[in-house]
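Since the structure comes first, as structure tokens, the remarks are kept for the end.
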Amino acid sequence: MDDKASVGKISVSSDSVSTLNSEDFVLVFKQGDDMNSANNGSDDEKTGLKIVGNGSEQQLQKELEDVLMDTPCEDQEQHTEGVKTVLPDDDLDESSNETSTASSTINPSSVGIQKQDMSLPVKTAQQDCGDGSDLYSPVPDEDSVVFSQLTYLGCASVNAPRSEVEALRMISILRGQCQNALDVTLSVPNVSEGTVRLLDPQSNTEIAKYPIYKILFCVRGHDGTPESDCFAFTESHYNAELFRIHVFRCEIQEAVSRILYSFATAFRRSIKQTPLTASIPPQTPDSDIFSFSVSLEIKEDDGKGYFSAVSKDKDKQCFRLRQGVDKKIVIYVQQTSNKELTIERCFGLLLSPGRDVRNSDMHLLELESMGKSADGKSYIITGSWNTKSPHFQAVNEETPKDKVLFITTAIDLVITEVQEPVRFLLETKVRVCSASERLYWPFSKRSSTENFFLKLKQIERKERKSNCDTFYEVICLESESERERRKTTASPSIRLSQCGPQGTSMPSPPEDDEEEDNDEPLLSGSGDVSKECAEKILETWGDLLSKWHLNLSVRPKQLSTLVRSGVPEALRGEVWQLLAGCHNNDYLVEKYRLLITKESPQDSAITRDINRTFPAHDYFKDTGGDGQDSLYKICKAYSVYDEEIGYCQGQSFLAAVLLLHMPEEQAFSVLVKIMFDYGLRELFKQNFEDLHCKFYQLERLMQEYIADLYSHFLEISLEAHMYASQWFLTLFTAKFPLYMVFHIIDLLLCEGISVIFNVALGLLKTSKDDLLLTDFEGALKFFRVQLPKRYRSEDNAKKLMELACNLKISQKKLKKYEREYHMMREQQAQQEDPVERFERENRRLQEANMRLEQENDDLAHELVTSKIALRKDLDNAEEKADALNKELLMTKQKLIDSEEEKRRLEEEAGQLKEMCRRELDKAESEIKKNSSIIGDYKQICSQLSDRLEKQQSANKAEIEKIRQKVEGCERCREFFNTEGRVKLVSTKKENSSEEDTDEEKETLKNQLREMELELAQTKLQLVEAECKIQDLEHHLGLAFNEVQAAKKTWFNRTISSIKTATGVQGKETS
């Protein structure tokens, strides 16, 4: 039988009849233990025992009454309370008639043959043992039933622990291939807090044990097959990460049914309360073992100044961290057993990447706080983790998709009663993703928990180092994971050799974990809801939403069908707003922002209820946290918005459900739509008159659909308002798991408030067999405790919603019942004493009058206040108008001045243009003039150069002639040498020719001086001309630069600013 079989249905074939008990038995969870199922990816299914008997359980009980001849009647009555079936009424006879072909149904004729010869080895552990030849082996100090003559065939890992097909396949494999079986005795407890034990039939020593809450599924082989004498159960191993099936063969085939019956009994009974005067049990060897539960939580900076807890990936059970984000480590330490020890302080919080790290590799974190929690049960240590430190580089880099990392966290605690410090080590899986990646795990588990077992030895007073309270020394400290690994590798004397292809071996028993009280109701806000969804479903919804957005006023045709299957969690926020008709309701959004600023007269009631809303949910559990703050504002805003109803108990649960899917403003808008458009507020009006009408309609529907349960409720005087008030007022949000709650809101927003009747009838139908066996108190307890816990399994919730959707309840029928109710109320009113009726009517009118007077006073006060406010606003407006008029006049004057300035600047600009033009013409003329002068000077200079060269050549020729003449004259040769120099002659000759040479010399010197003077003048004129040319070129460059500067500098900027100012003023004027 697969998990997905609907509740209450049976699968009938020629080979077998398999029934699923309607109750997935509620189990006691280990604290901090992940009990997620691995069946077909249904991770959120609650841990529960499913017993596959084959056929009707009433028939099974009748057969057992014949087989178990020495079972007392009282015991049978107790068993009757523990075993119920959910076969529909119309299928009951059919299944009873077909039990002869059922695989596990006991044939009465065969039982009759064996009655005289068979002695079934079954007794309770509390009965006397009898003589030593009895097959029964007692288990001390436990109320249990022990079965002998059993053979343990082995165990194997399974992927679907609740699948009958896989379980039967494993039974067949292990029975056919196992060659090294082990004879055992099986002890099954009578209470859900007990433990199933495997005992050695010779020495009565314990081989293995399995806590009841870890057993998930029981099955037996089909009749007519070799496996008919076999049975098996599956259990979660290694904190629910591994599931194993254990297979047994019974020498007496009929005892298999009794064994399965004992398992059912174990899950139906609770431990009897121990009297307060009970004696204290003696010390046992485990009295020196102190167990602790240590939880690790990692928080990351959310960018808003807060640190939010990091969620865990459900598939790989690892924390998802963001790269480069500051983090905090929070450790919760809670002692779970033995005498309470006092944690004095924590003197070290250490962290290291990897696992099995050395002490030297651990790095000390900065401690931020330490101390006891608000309830005093836990000790909390908080430290800051700087991920940018080079020590943690390995866990600050993005992790590949196919890999996970480990981090090891350690805390060193000083415990007052223990001599030396105690160190707890936790190894945790993590994955690092990019800082920009968006994580969709808001409802997943956010902490990692490990149990530790600290063994202490009491120190004698003589051995104590001081007289302080320290009187223990540490023997060893072991985690549950280490204990599991150690026991898995235990000695071969306790293990079986491997057999078959599965490599099965004798199991290592898990330890007993801390258990919860079965009588405690389920906390509101329980259950995780995954955002994961099949790609095909998301594509279908995506196409539908695309079409819907094109025309929001018309709902798509296939919408109702899709909603009945449940809206994908990732799309619920958008779909709920579309269904409620407030997808873009800006009015309510703005109204909400105004309402939260006002005071509510019901503030104290809202504050009181906020702490009670969804205490099991991480978002709402912290006092003063973001969740509670948003929830408070929504409830306060609605109480101010709807003055007639205000705030009523139960509204906070509905608001919290909406807050989990959308922001505050949108959640408020949808809440208003549900209250007004869907008629939920009508239930709170007129002294809950409409709510009582709904109760009457529900009872009439019960009378039609579940007549026997309706009659039973009449017999025990159980009325609808005693169990269904919360269903209607909170829309099932107060007690039931979130997965079921969200699906109900899907249907309500799509089909209306009448869906409540479908869900209510579905709940009553599926629980009918259990409720028929209860009295008044038992029924109330069932509705309060057991019923919500039953739907922690997603499969059970899905089956319930399928049943609710298949129930056809017409609006015509509801209207008929409503008329009946009003007619009944009128008849009751007519039949009662007129005086009493008038007095009641008078009281009602007085209350209405007082309410109206109060409303009148409030309106009058509001009117006066509004008039005063309007007068103030009018005065402010008039003052503002005067100020604006003055500003307008000033602006006009500025405009006139600006226009005059504009005209003046335009005139100046024209003058500047004219001046620049004249200067430019003048500069050009001067340039031309200078150019002509330069040309003339160049021509003169060239002429003078030519003249000088000619004169020099003439002088050279003349000198050459003179030298030739001197050489030709004999007299002259006496006075001049060949080089033309004057020779020294005798004084006589000198005196005689002195007069002639002096005259000639003078003449030559005069000519030479004249030529040198003329040459100097020519050179001077040339230099002056060059200087004049340079001066003119300098003036030309300055004039050209001035022209360019005039074009590009202040003049252009002045003109552009004038144009800009003129354009802006022109626009303002127009």
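Things worth noting here:
Let's see how each residue does on (1) closer than 24 Å to Glu855 by Cα; (2) crowded, with 20+ Cβ neighbours inside 10 Å; (3) of a type in the set (Lys, Arg):
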| position | (1), (2), (3) |
| --- | --- |
| Arg564 | no, no, yes |
| Glu569 | no, yes, no |
| Gly573 | no, no, no |
| Trp576 | no, yes, no |
| Ala580 | no, yes, no |
| Asn584 | no, no, no |
| Tyr592 | yes, yes, no |
| Glu599 | yes, no, no |
| Lys636 | yes, yes, yes |
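Results for (1) surrounded by 20 or more Cβ atoms within 10 Å (Cβ to Cβ); (2) of a type in the set (S, T, N, Q), shown as yes or no for each residue.
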| position | (1), (2) |
| --- | --- |
| Phe776 | no, no |
| Ala804 | yes, no |
| Ile809 | no, no |
| Arg819 | no, no |
| Glu836 | no, no |
| Asn842 | no, yes |
| Leu845 | no, no |
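- Count of the range 998-1025 residues, restricted to those that are loosely packed, with under 14 Cβ neighbours inside 10 Å and closer than 26 Å to Glu924 by Cβ, is 1.
- Residue within the range 910-925 that is in a helix (DSSP H, G or I), open to solvent by 90 Å² or more (accessible area, probe 1.4 Å), in contact (Cβ under 8 Å) with a residue 12 or more places away in the chain and within 30 Å of Glu1024 (Cα to Cα) present: yes
- Any hit, the range 656-664, residues being within 17 Å of Trp576 (Cβ to Cβ), buried (at least 21 other Cβ atoms within 10 Å of the Cβ), in contact with a Lys or Arg (Cβ under 9 Å, 6 or more places away or on another chain) and of a type outside the set (A, V, I, L, M, F, W, C): yes
- Subset of the range 677-729 (residues that are touching a residue at least 40 places away in the same chain (Cβ under 8 Å), outside any helix (DSSP H, G or I) and of a type in the set (A, V, I, L, M, F, W, C)): Ile706, Ile716, Leu718
- For the condition open to solvent by 100 Å² or more (accessible area, probe 1.4 Å) and under 18 Å from Gln686 (Cβ atoms), Glu879 does not qualify.
- Some residue of the range 674-686 being on the phi > 0 side of the Ramachandran plot and open to solvent by less than 10 Å² (accessible area, probe 1.4 Å): no
- Any hit, the range 366-377, residues being without any contact (Cβ under 8 Å) to a residue 24 or more places away in the chain, of a type in the set (S, T, N, Q) and out of contact with any Ser or Thr (no Cβ under 9 Å at 6 or more places or on another chain): no
- Restricting Leu242, Leu216 to those that are open to solvent by 10 Å² or more (accessible area, probe 1.4 Å), among the hydrophobic types (A, V, I, L, M, F, W, C) and either within 16 Å of Arg162 (Cβ to Cβ) or touching an Asp or Glu at 6+ places or on another chain (Cβ under 8 Å) (or both) reduces the list to Leu242.
- Enumeration of residues in the range 784-802 that are basic (Lys, Arg), in a helix (DSSP H, G or I) and open to solvent by 20 Å² or more (accessible area, probe 1.4 Å): Arg784, Lys798
- Test: residue in the range 318-332 that is assigned to a strand (DSSP E or B) and closer than 21 Å to Phe290 by Cβ: yes
The values are calculated or read from the model by the stated rules, or taken from the named source; none is laboratory data. On a predicted model such as this, the values are computed, not experimentally measured, just so you know. Glycine also receives a Cβ, built like all others from the backbone with ideal geometry; neighbour counts cover every protein chain displayed. Protein only, heavy atoms only, side chains kept; ligands, DNA and RNA dropped before computing areas. Shrake-Rupley method; radii C 1.70, N 1.55, O 1.52, S 1.80 Å.
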